[in-house]
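Read the structure below first, then the notes.
The values are calculated or read from the model by the stated rules, or taken from the named source; none is laboratory data. For clarity, every value in this text was computed on a predicted model and none was experimentally measured. Heads up, the Cβs are rebuilt from the backbone with ideal geometry, glycines too, and the neighbour counts pull from every protein chain shown.
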Ligand SMILES: *Cc1c(COP(=O)(O)O)cnc(C)c1O
């Protein structure tokens, strides 16, 4: 990368992200290019965002057409893209009502408020929400508090109260943590940031049953798993468990920032009392993009393609595991996949793969995560695997 951009970053940008030394200037489909014109296969997809590929013309057309008509009005008025997006999401899910915001954290904030209001109305003020260790729900104070990590040494204390964290895949821990003031359980159908941790068979349906038995709201944080990533339009479909609320963001807008939460009617308890809203939430431009992207995903059966391509990619990774003993596990659903190693190799591996033209993510020192666009071709998977193998051979020598 040109050192000029590095110095601009150091001089002018808040020092809060560790970046790879690559300036990405252009993208198309599964590929991106840097400021020197070098080509990469992007298995990070803008952090599981570019589900329908970089620079998909469907998104470009939607935002350019919408931007010439209307870019922003307030929610004091009806707008058409917002209603059309709500319709397509509700008609293709088990949920009944949608609300739009601007990010995953904001979607989870909204879902948490909705659950607390449900507790306020129907459960004598119950407010506690059970979440899982190793979960990730966002970086606002409340979603940070909900996120399942130790918070004792956070520099942001005090955090909002009302969350209890239990081990994922442990139903008994949920039962033990449930009190009279518990109102909801919030889980990712597959834990993304935690390292692609899959639910064990029967876990999510047993949690659903526990929620039914105790009048608890089940929230699925589908910010990462939604919109085809797991090989179904929504992650809950993979496990055939219907939540009361889901949250969406990453893959929803085809790269345009938008978040959403959807609720079943009994849980959609907000009232028009200024208790929830957003200036930009449901904006016509972002909603037009998200509608175009969602329609593309549905019309082109992208979830089924992600399922096929995910199986193909996992097969290729299992082949690598046969020949490279440092790979201890390959796990994933659809195109949310992790490879686990027997040593802390992922930082070096990332550097080598990036140099070899493959962009990856390392959620843990011992694991890498693969989350390419859902439109990836077989040939691109093959090339990605070749580059990954070269990277592993190089990192192995360290
Ligand atoms: C990324 C992510 C979030 C936070 O989304 P932002 O848009 O970064 O606020 C929340 N939950 C899950 C599961 C995520 O993967």
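Please work out if residue 226 is at pLDDT 95 or above, within 15 Å of the ligand (Cβ to nearest atom) and either under 19 Å from residue 111 (Cβ atoms) or not in a strand (DSSP E or B) (or both).
In short, yes.
Any residue that is at pLDDT 95 or above, assigned to a strand (DSSP E or B), closer than 30 Å to residue 181 by Cα and away from the ligand (no atom under 14 Å from the Cβ) - is there at least one of those in segment 270-277?
Within segment 270-277, not a single residue is at pLDDT 95 or above, assigned to a strand (DSSP E or B), closer than 30 Å to residue 181 by Cα and away from the ligand (no atom under 14 Å from the Cβ).
Taking segment 335-391 on its own, how many of its residues are within 24 Å of the chain's Cα centre (by Cα), in a helix (DSSP H, G or I) and under 20 Å from residue 194 (Cα atoms)?
So the answer is 4.
Which one of 201, 158, 189 is under 25 Å from residue 48 (Cα atoms), part of a loop (DSSP other than H, G, I, E, B) and over 21 Å from the mean Cα position of the chain (by Cα)?
Residue meeting the stated conditions: 201.
Regarding residue 142, is this residue part of a helix (DSSP H, G or I) and in contact with a helix residue (DSSP H, G or I) (Cβ under 9 Å, 6 or more places away or on another chain)? Talk me through it step by step, then tell me what you get.
On the way: part of a helix (DSSP H, G or I): yes; in contact with a helix residue (DSSP H, G or I) (Cβ under 9 Å, 6 or more places away or on another chain): yes.
Yes: the conditions hold for residue 142.
In segment 171-208, what residues are away from the ligand (no atom under 16 Å from the Cβ), touching a helix residue (DSSP H, G or I) at 6+ places or on another chain (Cβ under 8 Å) and without any contact (Cβ under 8 Å) to a residue 40 or more places away in the chain?
171, 175, 203, 205, 206, 207
Counting just the residues of segment 118-129 that are over 21 Å from residue 156 (Cα atoms) and not in a helix (DSSP H, G or I), which one comes out farthest from the ligand (Cβ to nearest atom)?
Filtering segment 118-129 down to residues over 21 Å from residue 156 (Cα atoms) leaves 118-127.
If we keep only those that are not in a helix (DSSP H, G or I) too, we end up with 123-127.
Numbers: 123: 25, 124: 29, 125: 27, 126: 23, 127: 20 Å.
The residue in question is 124.
From the list 105, 65, 115, pick out the single residue that is within 16 Å of the ligand (Cβ to nearest atom), modelled with pLDDT of 95 or more and farther than 23 Å from residue 228 by Cα.
Values: 105 fails: farther than 23 Å from residue 228 by Cα; 65 fails: within 16 Å of the ligand (Cβ to nearest atom).
115 is the lone residue from the list that is within 16 Å of the ligand (Cβ to nearest atom), modelled with pLDDT of 95 or more and farther than 23 Å from residue 228 by Cα.
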